[in-house]
Amino acid sequence: MRARTIALALGLLALALVPPLAGVFNQPFYIDLFRRTMIFAIAALSLDLILGYGGLVSFGHAAYLGIGAYAVGVLMHHGVTNGFLQWTVAIVGSAAVALVIGAVSIRASGVYFIMITLAFTQMLYYLGLSIEEYGADDGMRLTTTSQFGGLIDLKNPAAFYYLVLAILVLFLYVSHRMVNARFGMVLRATKANEPRARAIGFSPYGYKLTAFVIAGAMCGVAGALLVNHTEYLTPEFMHWTRSGEIMFMVILGGMGTLVGPVVGAIVLLLLEDVLSAWTTHWQMILGPILLLVVLFAKRGLVGLLPERGRDG
Amino acid sequence: MLLVLEQALNGLQFGVMLFLMAAGLTLVFGIMNMVNLAHGSLYMMGAYFAATFLTHTGNYPLAVLLALVATLLVGVVTEVVALRTLYERDHLDQVLATFGLILFFNELVAVFWGRAALYTSLPTWLGGHLQILGIRYPVYRAVVILVGVLVALLLWVVVTRTRLGMLIRAGATNRTMVAALGVNIRLLYTVVFGFGAALAGLAGLMAGPIYAVQPGMGEQILIQVFVVIVIGGIGSIRGALVGALVVGMVDTLGRAFLKPMLAAVLSPTAAQNAGPALASMLIYLLMAVVLAFRPQGLFPTVRSR
């Protein structure tokens with residue numbers, strides 16, 4: 001744990017230094033790249049809460065990214081530019097969708113759960129594709145970014161960057177408190193051995209569903225950030241490959257750890273950036289890399305760092 | 001009324017195609033306990049192989065045969081190289097690894113055939129129309145239905161009446177016991193996987209002339225096939241058949257008639273907007289309803305290890 005905490009602190013410090021360094025070297029592109037990376041880190045972190053700690057293999061996490069993005073985009077389309085309102089709707093909306101999807105899918109288990117979460121996300125994707133009013137498959141350009149009454153200007157790249165970083169740090173802290181609280185312990189116990197958790201008197205369903213909803217709401221925030229980042233709303237946010245990508249970030253970094261998803265998001269998106277600059281067929285290289293990571297490096301990159309005791 | 005009949009036949013044709021996919025997927029799951037996302041890639045490979053062999057040989061039956069063999073080989077190679085080690089892993093690993101395979105296959109196809117959609121032309125004897133019950137129906141779609149029904153029957157005979165089928169059923173119930181009785185279970189796995197791959201390839205090559213042949217074509221149907229086997233009960237071939245027909249019908253009829261039906265209730269513009277949206281969500285809603293009452297699907301399978 002000690003080595004990981006140091007790694008995390010160093011990593012966050014490095015992330016905080018990106019905007020000034022990008023300014024010095026006159027490479028504003030990197031602010032953009034790392035901001036996107038951190039937004040996905042938030043999404044991956046939220047998935048890790050249910051995947052790594054709860055054992056819920058949700059293959060539809062991009063749904064909440066989409067709901068968060070659509071909440072902002074749709075309100076914007078109807079002339080509501082107030083960021084506080086937009087983001088509240090994004091959080092409440094994605095939590096509500098997670099509640100419905102979770103309530104149906106957590107009743108099932110194992111491979112059913114994977115397929116059902118995937119199918120529901122696909123349903124939302126097709127819904128996004130078919131609503132002409134909000135751009136359908138072409139997507140829709142945002143008229144402006146979310147307005148926070150002069151408190152923070154998202155048009156300012158560095159300001160937006162630090163907002164994303166602050167939210168990431170906040171969510172890391174909240175997640176840390178959550179997985180080490182009684183709630184998180186029950187969740188992890190359920191993952192480790194569900195019959196035993198039942199036998200000592202816990203009813204896992206409520207805990208799992210709560211975690212599922214919290215994760216959905218967190219990912220909704222990532223969605224609201226993402227649509228402000230791209231200033232473009234498209235159903236592609238909910239495409240099922242996006243869910244797979246977020247899941248890969250968690251595994252690549254190391255699931256069941258809080259640092260892991262952040263590391264995974266950074267490494268995967270930088271890797272994509274490097275590979276796609278090199279060849280247009282970068283997915284042909286990424287695919288086998290994914291396969292190899294799953295087959296031979298199951299504990300992820302964070303698994304390479306020493307850990308203290310049994311604590312993950 | 002005639003339109004309803006025509007759309008019902010289209011629904012049947014789509015259902016048959018879904019069944020060919022679902023049968024392979026559900027067998028692989030039932031026996032190896034393996035979630036194979038790359039099943040859609042095999043469907044795609046089948047379509048591309050058929051299109052390519054047809055341009056080179058000009059002989060449709062020969063092209064179909066070659067495409068089936070080629071897809072079977074791709075399936076067997078994939079199984080031996082990558083998937084074999086995954087059977088003992090948990091579902092998360094299987095999902096991610098096969099997701100990696102999908103990325104690989106889609107790009108592979110883009111490298112060899114390009115990203116633009118391919119259109120296959122049919123031989124003239126498959127291109128005409130038939131008169132069925134007073135409607136003009138394309139010969140090709142009728143042939144697809146016929147082939148699908150024949151394959152379903154063949155599958156039924158193989159699974160219930162042959163030694164291979166007996167081993168498959170035994171493997172699905174208790175694979176350790178089957179291995180203990182001296183059956184080469186790895187070979188059985190490879191055979192079943194190749195078999196499923198060929199079925200997916202068949203669905204793909206038949207889909208070619210109806211839908212566009214392009215990278216990523218496999219994933220759209222794959223997710224619908226998931227809905228089919230979740231509704232039918234994972235691991236059950238009978239469930240796959242029922243699920244495929246129900247999903248095929250509901251999806252096709254929904255797309256054709258939901259908009260006019262809504263127009264009778266709502267305003268035309270509202271129906272114009274809600275119709276297509278609701279139609280594309282229909283099968284997922286159906287799945288949610290089925291799961292609410294039968295969390296294990298319509299035909300749950302009993303397995304022991």
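Read the figures in this text as sums done on the coordinates, not as results from a lab. Everything numeric in this text was worked out from a predicted model, so none of it was measured. So basically every Cβ, Gly included, is an ideal-geometry build from the backbone, and we count neighbours across all protein chains shown.
Enter the Cα centre distance for the pair the range B:113-152 and the range A:205-226, rounded to the nearest angstrom.
46
Given +1 on the Cβ of Lys and Arg, -1 on the Cβ of Asp and Glu, and no further charges, what dipole in debye does the range B:2-215 carry about its Cα centre, rounded to the nearest 20?
400
Scan around A:G52 for amide H atoms under 5 Å from its own, H built in the peptide plane at 1.01 Å from N, and keep only partners 5 or more places away or cross-chain.
Correct list: A:G256.
Given H placed 1.01 Å from N in the peptide plane, which residues other than close sequence neighbours of B:L130 have an amide H under 5 Å from its amide H?
Result for B:L130 returns B:Y137, B:V139.
Run the reach check for A:K191 against lysines, Cα to Cα strictly under 20 Å, same-chain hits fewer than 8 apart removed. What comes back?
Hits, sequence-local ones excluded: A:K208, A:K298.
222 nm [θ] for the protein assembly as shown, helices only, -39500 (n - 2.57) per DSSP H run of 4+, per residue, to 500?
The helix-only estimate for the protein assembly as shown comes to -25000 deg cm²/dmol at 222 nm.
HN-Hα J couplings of the range A:57-64 from phi, Karplus 6.51/-1.76/1.60, θ = phi - 60°, integer Hz, Gly and Pro as x?
7, 7, 9, x, 6, 5, 4, 6
Each residue of the range B:158-170 in turn: what ³J(HN,Hα) in whole Hz from Karplus with 6.51, -1.76, 1.60 and θ = phi - 60°, glycine and Pro shown as x?
Per residue, the Karplus-derived 3J(HN,Hα) values read 4, 6, 9, 10, 10, 5, 4, x, 5, 4, 4, 5, 5 Hz.
Can you tell me the dipole magnitude for the protein assembly as shown around its Cα centre, using point charges on the Cβ only (Lys, Arg +1; Asp, Glu -1), in Debye to the nearest 20?
The dipole of the protein assembly as shown has a size of about 1880 debye.
Determine the relative contact order of the range A:231-275: mean sequence separation of Cα pairs under 8 Å and six or more apart, normalised by residue count, in whole percent.
Relative contact order of the range A:231-275: 25 percent.
May I ask you to sort A:S58, B:S236 by Cβ crowding, counting other Cβ atoms within 10 Å and putting the fewest first?
B:S236, A:S58
Which three semi-axes in whole Å describe the equivalent ellipsoid of chain A, each the square root of 5 times a Cα gyration tensor eigenvalue, listed largest first?
Result for chain A: semi-axes of 29, 24, 19 Å.
Under a straight-distance cross-link criterion of Cα-Cα below 19 Å, which aspartates and glutamates are reachable from A:K155, leaving out those fewer than 8 residues away in the same chain?
Correct list for A:K155: A:D32, A:E231.
Within 10 Å of each residue's Cβ, count the other Cβ atoms and sort B:V147, A:V179 from fewest upward.
B:V147, A:V179
What is the range A:100-198 by shape, rounded, prolate or oblate, if you read a ≥ b ≥ c off the alpha carbon gyration tensor as root eigenvalues and call it rounded for a/c under 1.5, prolate for a/b larger than b/c, and oblate otherwise?
oblate
Counting other beta carbons within 10 Å of each residue's own, what order do A:H281, B:H56, A:H229 fall into, fewest first?
B:H56, A:H281, A:H229
How would you classify the range B:24-140 from its alpha-carbon gyration tensor, with a ≥ b ≥ c the square roots of the eigenvalues: rounded for a/c under 1.5, else prolate if a/b is greater than b/c, otherwise oblate?
prolate
Take the Cα gyration tensor of chain B, multiply each eigenvalue by 5, square-root it, and list the three semi-axes largest first, rounded to whole angstrom.
Listed largest to smallest, the semi-axes of chain B are 32, 24, 19 Å.
Let's see if you can work this out: charge +1 on each Lys and Arg Cβ, -1 on each Asp and Glu Cβ, no other charges. What is the dipole magnitude of chain A about its Cα centre, in debye to the nearest 20?
Rounded to the nearest 20 debye, it is 1420 debye.
Using modelled amide H (1.01 Å from N, peptide plane; none on Pro or chain starts), what sits under 5 Å from the amide H of A:I131, excluding residues fewer than 5 places away?
Amide H to amide H, under 5 Å and 5 or more residues apart or across chains, A:I131 pairs with A:A136.
Note the per residue figure in Å³ for the convex hull of the C-alpha positions in the protein assembly as shown.
Cα convex hull per residue, to the nearest whole number: 168 Å³.
Compute the relative contact order of chain A as a whole-number percentage, counting only Cα pairs closer than 8 Å that sit 6 or more residues apart in sequence.
About 33 percent, as a whole number.
Using Cα pairs under 8 angstrom and six or more residues apart, how large is the relative contact order of chain B, in percent?
35 percent.
Considering only DSSP states other than H, G, I, E and B, which chymotrypsin sites (Phe, Trp or Tyr not before Pro) in the range A:1-106 qualify as loop sites with at most 14 other Cβ atoms within 10 Å?
For chymotrypsin sites (Phe, Trp or Tyr not before Pro) across the range A:1-106 that sit outside H, G, I, E and B with at most 14 neighbouring Cβ atoms in 10 Å, the list reads A:F25.
Across the range A:271-287, in residue order, what do the Karplus-derived ³J(HN,Hα) couplings come to in whole Hz, using 6.51 cos²θ - 1.76 cosθ + 1.60 with θ = phi - 60° and x for Gly and Pro?
Working through the residues one at a time gives 4, 4, 4, 5, 5, 6, 6, 8, 8, 6, 9, 4, 5, 5, 8, 5, x Hz.
To the nearest 0.05, what FRET efficiency results for B:T55 and B:A270 with a Förster distance of 45 Å applied to their C-beta separation?
So the FRET efficiency works out to roughly 0.45.
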